[in-house]
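The values are calculated or read from the model by the stated rules, or taken from the named source; none is laboratory data. Computed from a prediction, not measured in an experiment: that's the story for all the values here. Cβ sites come from the backbone with ideal geometry, for glycine too, and all protein chains shown count toward neighbours.
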Amino acid sequence: MVKLLLGLACLLFAALLAVALWPTRTLPLQTPADLSGPRWSTRGEYLALAGNCGGCHTAQGGQPFAGGLALPTPIGTLYSTNITPSRVQGIGAYSLEDFDRALRHGIAADGSSLYPAMPYPSMRT
């Protein structure tokens, strides 16, 4: 009986692990021909404010979106990254596809993992 219960528990654990690690699907990006100009800049600012990106990416007393906020977690303290338009220190050199992978899949442009902080669950749709 104990072996049966242990076997069922292992099977349940394996099933839950498979569901948790199953690759997610997101809708393909429909890239506009030109992302420059005030229309897209205003829309990006609106989305960053609506998504409260500054809540995690702005340290107390720091520059907006410049990162450095300490986020205590059970596995240690994480520090938020710089998401300013800086091409050197921020995400200004990211392509739209790089940004999508970071936001919705938790993979930085250099291929490193942003987990466990990103992807934030509400950003995956």
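State which residue is surrounded by the fewest Cβ atoms within 10 Å (Cβ to Cβ) when the search covers only segment 62-75 and only residues that are over 22 Å from ILE107 (Cα atoms) and out of contact with any helix residue (DSSP H, G or I) (no Cβ under 6 Å at 6 or more places or on another chain). Per the stated criteria, the residue is GLN63.
Matching residues to (1) assigned to a helix (DSSP H, G or I); (2) in contact with a Leu (Cβ under 8 Å, 6 or more places away or on another chain); (3) buried (at least 16 other Cβ atoms within 10 Å of the Cβ); (4) in contact (Cβ under 8 Å) with a residue 12 or more places away in the chain:
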residue	(1), (2), (3), (4)
LEU49	yes, no, no, no
CYS56	yes, yes, yes, yes
GLN60	no, yes, no, no
THR77	no, yes, no, no
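Once segment 106-125 is narrowed to residues that are of a type outside the set (Val, Ile, Thr), surrounded by 18 or more Cβ atoms within 10 Å (Cβ to Cβ) and modelled with pLDDT of 75 or more, the residue that is nearest to GLY67 (Cα to Cα) is MET118.
Assess whether THR31 counts as being loosely packed, with under 10 Cβ neighbours inside 10 Å, closer than 30 Å to GLU97 by Cβ, modelled with pLDDT under 70 and of a type in the set (Ser, Thr, Tyr). When the stated conditions are applied, THR31 does not pass them.
Taking segment 79-115 as the range and being part of a loop (DSSP other than H, G, I, E, B) and over 25 Å from GLN63 (Cβ atoms) as the test, the residues that pass are GLY111, TYR115.
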